Amino acid sequence: MAEKAQYEELIRQFSAFGAVKRELGRILPADCPGGSAAVLTLLGRHGDMRMSKLAELLAVDMSVTSRHVAHIADRGWIERSPDPADKRSRILRLTPEGQTQLDELSERTTQLLAHRLSDWTDDEVGQLAGLMARLRASFDDCRSAVPPRPAAPSAAEQSTRTPAITT
């Protein structure tokens, strides 16, 4: 198991990774914010699906998913059709326009990454992708896992602490 200092460094790096995500977000077209891009990407990767499956893959509430879906449906990038197995549900499907938008998003992000990582070797890019996939897998279904709580401080540790309010 890694040392505490290594986990603390990971926390710092995760925070710094926000800058990478922000730059990736800045290259998105104005009419395709990050949530819309995520929906298009998932439909492109996994194919037609129900809204409930999409919400699960996005790891967000159904109301948030509905807003993203409405946004891209209004632009003609997806179609919603009745589910033959359950007429109350809808199947989401990329339209040709949606596939074109997804291809454009992929091209933009690929170009940005190729530019920013131009001094990386193919092996280094592959290692990063593999480690990121492994990290993501370690957090799969994290909503059902209960993180351990920090241990309560001992009586000796409590007595050496400075109280928040003194009189």
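The values are calculated or read from the model by the stated rules, or taken from the named source; none is laboratory data. Computed from a predicted model, the values in this text were never measured in an experiment. So basically every Cβ, Gly included, is an ideal-geometry build from the backbone, and we count neighbours across all protein chains shown. Only protein heavy atoms, including side chains, enter the accessible area calculation; ligands, DNA and RNA are left aside. Shrake-Rupley method; radii C 1.70, N 1.55, O 1.52, S 1.80 Å.
For this structure, a couple of remarks:
- Extension gain from residue 112 to residue 99, taking 0.36 nm per residue of separation minus the Cα-Cα distance: 2.7 nm
- FRET efficiency for residue 2 and residue 133, using Cβ-Cβ distance with R0 set to 22 Å, rounded to 0.05: 0.70
- Heavy atoms of the protein chains alone define the surface here; on that basis the range 1-136 has 68 Å² accessible area per residue at 1.4 Å probe size.
- Heavy atoms of residue 62: accessible area, 1.4 Å probe, square angstrom to 10: 80
- Inter-site label distance for residue 120 and residue 15 at 7 Å from Cα along Cβ, in nm: 2.3
- Inter-probe distance in nm under a simple model that places probes 7 Å from Cα toward Cβ, at residue 67 and residue 22: 2.1
- Accessible area in the full protein assembly, largest first, 1.4 Å probe, for 3, 104: 3, 104
- The range 1-64 and the range 82-127: distance between their alpha carbon centers, rounded to Å: 12
- Protein-only accessible surface at a 1.4 angstrom probe places the residues 46, 115, 68 in the order 115, 46, 68, largest first.
- Nearest-0.05 FRET efficiency for residue 38 and residue 86, computed from C-beta distance (R0 30 Å): 0.75
- Accessible area per residue was computed with a 1.4 Å probe on protein heavy atoms; residue 21 scores about 130 Å².
- In Å², nearest 10: area of residue 14 left accessible to a 1.4 Å probe: 110
- For residue 21, a cut-off of 27 angstrom between C-alpha atoms picks up these lysines, skipping any fewer than 8 places away in its own chain: 4, 53.
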